[in-house]
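Novice: Handing you this structure, nothing more for now.
The values are calculated or read from the model by the stated rules, or taken from the named source; none is laboratory data. In this text, all values refer to a predicted model and were calculated from it rather than measured experimentally. As a convention, Cβ positions derive from the backbone with ideal geometry for all residues, glycine included, and neighbour counts pool all protein chains shown.
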Ligand SMILES: C[S@@+](CC[C@H](N)C(=O)[O-])C[C@H]1O[C@@H](n2cnc3c(N)ncnc32)[C@H](O)[C@@H]1O
């Protein structure tokens, strides 16, 4: 089996999937999103989620936004193009950073979007830098979420918000088999949490939790499309990325779908605020 993961790194190595234009990835991406919704994302998000966030979080030309785990930079480029905001991404994977830089250059956004290669647990940004921090489908890779939350709190300006979109899980002991099948899909453990777990850790890190919005129906569609994409193009993906990995992925998406349908997995946008800076006690 081809090793896709460098165990010394923190998080999952997405190098193969980050090569957006490899022949197998092209088939997969066309299947999942087609031309209209492929924005260079490497997750379950669609432009619809980002448009919702722009309005909900009031992202505009004066916003300097941090994107934690920015992947291949597609969402950062989308947000900057749509609103004129400035985006700083942090991404651990070098292929992700490389692909981001070419997407940024192609979009002519070099003055507003930058991506640094780094680890979200120890970010190379000064205290109180950002007006908003976002993260899209990344949280499950962090074992020490409390540490990431404290680090995000540090780099946010007082009164600024932290909004992350993440899968949330309510698995019990009876779900050990599902847990193992999800783990195999990624080759290393994922650190799933419940919505309650996220809220507890946010309060403990010093955030004030404001809102948790559940986006389950769209998420169900996305997970199903990823699974269908892998199944339909199985042989081409297996030839490029290894049969075992491909079959683990197929099983991963089927397992995820079954958990969603059993009410044990969902997708939440969690919004919290760093206190201070004259932020209102009640969200406005
Ligand atoms: C599912 S992808 C999502 C990428 C992007 N947010 C998007 O929506 O397209 C998760 C990303 O988190 C990155 N990642 C994993 N561990 C990280 C860490 N410790 N610090 C920064 N990024 C990390 C991965 O390399 C990967 O690009």
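Novice: Give me the pairs: first residue in segment 85-101 and more than 10 Å from the ligand (Cβ to nearest atom), second residue at pLDDT 95 or above and assigned to a strand (DSSP E or B), beta-carbon distance under 6 Å, and six or more apart or on different chains, which are they?
Specialist: 85/65; 86/64; 87/65; 87/67; 87/113; 88/66; 88/114
Novice: Follow-up. Residues of segment 20-62 being touching a helix residue (DSSP H, G or I) at 6+ places or on another chain (Cβ under 7 Å), away from the ligand (no atom under 15 Å from the Cβ) and assigned to a loop (DSSP other than H, G, I, E, B), which ones?
Specialist: Correct list: 22, 59, 60, 61.
Novice: Further, regarding this structure: Which of (1) under 15 Å from residue 268 (Cα atoms); (2) in contact (Cβ under 8 Å) with a residue 60 or more places away in the chain; (3) buried (at least 22 other Cβ atoms within 10 Å of the Cβ); (4) in contact with a helix residue (DSSP H, G or I) (Cβ under 7 Å, 6 or more places away or on another chain) does residue 133 not meet, given it meets every other one?
Specialist: Tallying (1) under 15 Å from residue 268 (Cα atoms); (2) in contact (Cβ under 8 Å) with a residue 60 or more places away in the chain; (3) buried (at least 22 other Cβ atoms within 10 Å of the Cβ); (4) in contact with a helix residue (DSSP H, G or I) (Cβ under 7 Å, 6 or more places away or on another chain), residue 133 fails exactly one: (1).
Novice: Of the residues 77, 116, which is more than 18 Å from residue 160 (Cα to Cα), touching a helix residue (DSSP H, G or I) at 6+ places or on another chain (Cβ under 7 Å) and within 11 Å of the ligand (Cβ to nearest atom)?
Specialist: Details: 116 fails: touching a helix residue (DSSP H, G or I) at 6+ places or on another chain (Cβ under 7 Å).
That would be 77, the only listed residue that is more than 18 Å from residue 160 (Cα to Cα), touching a helix residue (DSSP H, G or I) at 6+ places or on another chain (Cβ under 7 Å) and within 11 Å of the ligand (Cβ to nearest atom).
Novice: In segment 24-56, which residue that is surrounded by 16 or more Cβ atoms within 10 Å (Cβ to Cβ) and over 17 Å from the mean Cα position of the chain (by Cα) is farthest from residue 241 (Cα to Cα)?
Specialist: Applying the filter and picking the extreme gives 31.
Novice: So residue 59 passes all but one of these: (1) within 22 Å of residue 131 (Cβ to Cβ); (2) crowded, with 21+ Cβ neighbours inside 10 Å; (3) under 17 Å from the mean Cα position of the chain (by Cα). Which condition number does it fail?
Specialist: Every condition holds for residue 59 apart from (3).
Novice: Only one of (1) touching a residue at least 60 places away in the same chain (Cβ under 8 Å); (2) in contact with a strand residue (DSSP E or B) (Cβ under 7 Å, 6 or more places away or on another chain) is not met by residue 194, so which one is it?
Specialist: (1)
Novice: Let me ask another. Does any residue of segment 174-181 turn out to be farther than 23 Å from residue 56 by Cα, within 15 Å of the ligand (Cβ to nearest atom) and at pLDDT below 95? Don't jump to the end; show me each part of the working.
Specialist: Keep residues of segment 174-181 that are farther than 23 Å from residue 56 by Cα, which gives 174-181.
Then keep just the ones that are within 15 Å of the ligand (Cβ to nearest atom); that gives none.
Within segment 174-181, not a single residue is farther than 23 Å from residue 56 by Cα, within 15 Å of the ligand (Cβ to nearest atom) and at pLDDT below 95.
Novice: Only residues that are touching a helix residue (DSSP H, G or I) at 6+ places or on another chain (Cβ under 7 Å), in a helix (DSSP H, G or I) and in contact (Cβ under 8 Å) with a residue 60 or more places away in the chain: list them for segment 197-217, please.
Specialist: Once the filter is applied, which keeps residues that are touching a helix residue (DSSP H, G or I) at 6+ places or on another chain (Cβ under 7 Å), in a helix (DSSP H, G or I) and in contact (Cβ under 8 Å) with a residue 60 or more places away in the chain, segment 197-217 yields only 202.
Novice: Against the definition (over 19 Å from the mean Cα position of the chain (by Cα) and touching a residue at least 24 places away in the same chain (Cβ under 8 Å)), how does residue 125 come out, yes or no?
Specialist: Working: over 19 Å from the mean Cα position of the chain (by Cα): yes; touching a residue at least 24 places away in the same chain (Cβ under 8 Å): yes.
Yes, satisfied.
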